[in-house]
Amino acid sequence: MLQRLQINGAPKPAGPYSTAVRAGDFIFVSGQGPVDAATGEMQRGSVQAQTKLVLHNLRTILQGCGADLKDVVKCSVFLLDAADFNAMNEVYAEVFGPDKPARTTVATGMVADGMKVEIDCVAYLPRT
């Protein structure tokens, strides 16, 4: 059974998609940009600041599903500029600590002006 989830305290979807979908023991979280959940506005700043907010939003969504970053098995990171890789990676490593998931990182265009990073993830949380 699939559960399509909208999480309180997380940014509202900007399009026709669910914030997260639970499929059995897996939680698939849609790509998150640097959006302030309280205002719905995108944070325009350094890639470090944007990465910190994106990972905060991912954690909020996961916690709303009963999981946390330690349960993440895979992330996809999308950067506007490949030159921002080291700066993003510094924040990413700090936030995930020793529980680093598998990851893919690509440099690509972004759907919103000013967005420098977007991250989605898959978490594993067995049903009890």
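Values in this text are rule-based calculations from the coordinates and carry no lab data. Remember, it's a predicted structure, so these values are computed and weren't measured experimentally. No Cβ is skipped: glycine too gets one built from the backbone with ideal geometry, and neighbour counts run over all protein chains shown.
Using only the alpha carbon atoms of the range 22-76, find the Kirkwood hydrodynamic radius as the inverse mean reciprocal pair distance, in angstroms to one decimal.
12.0 Å
Have a look at the DSSP beta bridges in the range 1-107 and tell me what percent are antiparallel, nearest 5.
Of the beta bridges lying entirely in the range 1-107, close to 60 percent run antiparallel.
Name the aspartates and glutamates eligible as straight-distance cross-link partners of residue 52: C-alpha to C-alpha under 12 Å, and not fewer than 8 places from it in the same chain.
The reachable aspartates and glutamates, counting only those whose Cα sits under 12 Å from residue 52, are 36, 90, 94, 118.
If you take the beta carbon distance between residue 17 and residue 95 as r and set R0 to 35 Å, what does 1/(1 + (r/R0)^6) give as a FRET efficiency, to the nearest 0.05?
Step by step, r from the Cβ atoms, then E = 0.90.
Roughly what would the spin-label model give for residue 105 and residue 28, points 7 Å off Cα along C-beta, in nm?
Distance between the two pseudo-spin positions: 2.5 nm.
Step through the table entries 12/70; 70/116; 70/100, compare each Cα-Cα distance with 19 Å, and write down the pairs that go over it.
Pairs exceeding the cut-off: 12/70; 70/116.
Compute the helix-to-body angle for 47-64: its Cα long axis versus the longest principal axis of the chain, expressed 0 to 90° and rounded to tens.
Its long axis makes an angle of about 10 degrees.
Please compute the length gained on full extension between residue 36 and residue 83, using 0.36 nm multiplied by the number of residues separating them and subtracting their Cα-Cα distance.
Contour length minus the Cα-Cα distance gives 14.5 nm.
Over 17 Å, how big is the tail of the calculated P(r) for the range 2-124, in percent of all Cα pairs?
Of all Cα-Cα pairs in the range 2-124, 52 percent lie more than 17 Å apart.
Quick check on the chain: helices-only [θ] at 222 nm, where DSSP H runs of length 4 and up contribute -39,500 (n - 2.57) each and the sum goes over total residues. Nearest 500, please.
After summing the helix terms and dividing by the residues of the chain, the value is -7500 deg cm²/dmol.
How tilted is helix 85-96 with respect to the longest principal axis of the chain? Cα atoms for both, answer in degrees (0 to 90, nearest 10).
For helix 85-96, the angle is close to 30 degrees.
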